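Quick notes on the structure that follows.
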Amino acid sequence: MPEFDATEQVKDQYAVPRNAMDSILVTIWQEALGMDKLGIDDNFFELGGHSLIAVQIMTKFEKKTGKKLPLAILYKYPTIRLLVDSMEEEAGTDKIWKSLVPIKTTGNKMPIYIVHGDGLNVLNFSPLANYVDKEQPIYGLQAYGLNGDETPLDDMSEIARHYINEMLEHNPDGPYAIGGYSFGGYVAVEMRKQLVAMGKEVKLLAMFDTNAETTIYNKDWSVKLPRKLKRQFPKLLFFTKSFFDRPITTIKYQADYIVELGQKIGMIKKPEATGIYVRFNKINEKHLSAFKKYMLEPFDGKIYLFRSNHRLYFVDDPQYLGWGAYARKGVMVYEVPGDHKTMFQLPHAKDLAISLQHALDNC
């Protein structure tokens with residue numbers, strides 16, 4: 001469980017709401033967590049809360065009260081009592097919207113800084129804190145612009161520079177261990193490039209299921225088309241095998257993909273976004289633009305690749321996810337349980353944390 005910078009919670013007894021704001025949050029939390037009874041001293045994470053539930057809670061809370069709160073505030077204030085008490089204290093400050101989010105602050109080992117994926121927040125990294133070494137600090141980097149007041153960034157070098165600035169403010173000397181999940185992997189590569197240019201030491205660069213091959217498809221059609229045609233037959237074989245091995249999972253994945261494709265081309269109407277989802281969509285559009293403009297370059301370093309062992313989609317290079325073409329000092333592969341979306345969730349997070357700790361201790 002994450003290290004909290006808040007006072008010790010009362011766990012012995014059920015604590016009733018003290019005021020209207022407590023009551024609003026109790027109702028919202030009960031609905032989101034599927035509970036009939038919940039006290040204001042119950043811990044969000046201990047109740048089974050995760051990033052998707054947090055999004056639901058903050059969306060309903062914003063709709064009900066007009067107040068915007070970052071998902072990551074739950075790390076610092078994981079109970080309703082602490083969250084409500086913090087609102088007046090934190091109101092009007094920028095610190096709750098910082099990109100750098102403490103996940104586990106205790107320990108004297110080299111901290112790791114992990115960049116968010118497409119979900120933009122870092123709550124999905126919270127289970128790691130339970131299973132890494134007690135001396136291992138973990139920090140997350142959530143997306144810039146989540147407060148809705150700042151213009152999201154659409155250039156990979158600017159995104160990386162913003163995260164580096166906050167990281168250097170926290171840890172000016174290094175050495176550094178950085179990683180990225182999914183989209184965050186490309187940001188982490190650019191962060192390493194900029195840090196090395198500054199003369200900083202980056203001891204570990206971790207990729208959490210980021211596929212380097214996807215950047216190929218940002219190139220000109222003369223390069224892209226032959227590759228697309230070449231991959232169709234192995235792609236068909238992959239999905240055929242996947243269907244016979246895991247029919248329900250495969251059908252669900254394909255159905256979701258068809259719906260997403262239909263929404264992109266206008267055949268299926270997208271549900272209207274409200275609240276926090278409007279900000280999410282705006283940031284993801286900017287990040288997609290940044291991704292399309294970004295070109296990976298070979299570098300004189302090593303990649304530590306944490307690759308999910310349950311692949312729901314076809315990749316050209318299932319062994320190294322394309323990173324062998326870029327990391328001149330090689331790719332160290334850790335195969336971890338789960339798929340792309342569940343590798344950070346329990347029970348898979350335990351194995352991921354053990355592998356990550358091994359990499360950090362031996363880099």
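The values are calculated or read from the model by the stated rules, or taken from the named source; none is laboratory data. Just so it is clear, the model here is predicted, and its values are computed rather than measured. In this analysis, Cβ positions are derived from the backbone assuming ideal geometry, glycine residues included, and neighbour counts consider all displayed protein chains.
Name every residue in the range 272-295 that is surrounded by fewer than 17 Cβ atoms within 10 Å (Cβ to Cβ) and outside any helix (DSSP H, G or I), in order of residue number.
Within the range 272-295, GLU272, ALA273, THR274, GLY275, MET295 meet the criteria.
Identify the single condition in (1) modelled with pLDDT of 95 or more; (2) part of a loop (DSSP other than H, G, I, E, B); (3) under 23 Å from the mean Cα position of the chain (by Cα); (4) not polar (S, T, N, Q) that VAL315 does not satisfy, given that it satisfies every other one.
Here VAL315 meets the rest and fails (1).
For the range 321-363, enumerate the residues that are in a loop (DSSP other than H, G, I, E, B), under 12 Å from ASN211 (Cα atoms) and either without any contact (Cβ under 8 Å) to a residue 40 or more places away in the chain or aliphatic (A, V, I, L, M) (or both).
The answer is LEU321, and nothing else.
Name the residues in the range 185-215 that are in a helix (DSSP H, G or I) and surrounded by fewer than 24 Cβ atoms within 10 Å (Cβ to Cβ), would you?
Once the filter is applied, which keeps residues that are in a helix (DSSP H, G or I) and surrounded by fewer than 24 Cβ atoms within 10 Å (Cβ to Cβ), the range 185-215 yields ARG192, LYS193, GLN194, LEU195, VAL196, ALA197, GLU213, THR214, THR215.
Per-residue answers, yes or no, for (1) surrounded by fewer than 16 Cβ atoms within 10 Å (Cβ to Cβ); (2) in the same structural domain as GLY180 (by TED's automatic domain parsing); (3) at pLDDT 95 or above; (4) within 27 Å of PRO127 (Cα to Cα):
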{"site": "TYR257", "(1), (2), (3), (4)": "yes, no, no, no"}
{"site": "SER308", "(1), (2), (3), (4)": "no, yes, no, yes"}
{"site": "ALA325", "(1), (2), (3), (4)": "yes, yes, no, no"}
{"site": "PRO347", "(1), (2), (3), (4)": "yes, yes, no, yes"}
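Is it true that ILE164 is out of contact with any strand residue (DSSP E or B) (no Cβ under 6 Å at 6 or more places or on another chain), hydrophobic (A, V, I, L, M, F, W, C), in the same structural domain as HIS340 (by TED's automatic domain parsing) and more than 29 Å from ASN19 (Cα to Cα)?
Taking the combined requirement at face value, the residue satisfies it.
Please verify whether the range 93-105 includes one or more residues that are surrounded by fewer than 17 Cβ atoms within 10 Å (Cβ to Cβ) and in contact with an Asp or Glu (Cβ under 6 Å, 6 or more places away or on another chain).
yes
Given the structure, is GLY145 of a type outside the set (Ser, Thr, Tyr), surrounded by 16 or more Cβ atoms within 10 Å (Cβ to Cβ) and farther than 28 Å from LYS203 by Cβ?
The answer is yes for GLY145.
Could you say which residue among ASN147, ASN124, ASN130 is polar (S, T, N, Q), closer than 23 Å to ALA160 by Cβ and not in a loop (DSSP other than H, G, I, E, B)?
ASN124
In contact with a Phe, Trp or Tyr (Cβ under 6 Å, 6 or more places away or on another chain), touching a residue at least 12 places away in the same chain (Cβ under 8 Å) and buried (at least 16 other Cβ atoms within 10 Å of the Cβ): is that true of GLY140 in this structure?
Yes; evaluated as a whole, the condition is true for this residue.
Can you find a residue that is without any contact (Cβ under 8 Å) to a residue 60 or more places away in the chain and not assigned by TED's automatic domain parsing to the domain that holds ALA54 anywhere in the range 125-133?
Within the range 125-133 (the criterion being without any contact (Cβ under 8 Å) to a residue 60 or more places away in the chain and not assigned by TED's automatic domain parsing to the domain that holds ALA54), the answer is no, since none of the residues qualifies.
Please tell me if LYS68 is touching a Gly at 6+ places or on another chain (Cβ under 8 Å), in contact (Cβ under 8 Å) with a residue 12 or more places away in the chain, among the charged types (D, E, K, R) and part of a helix (DSSP H, G or I).
no
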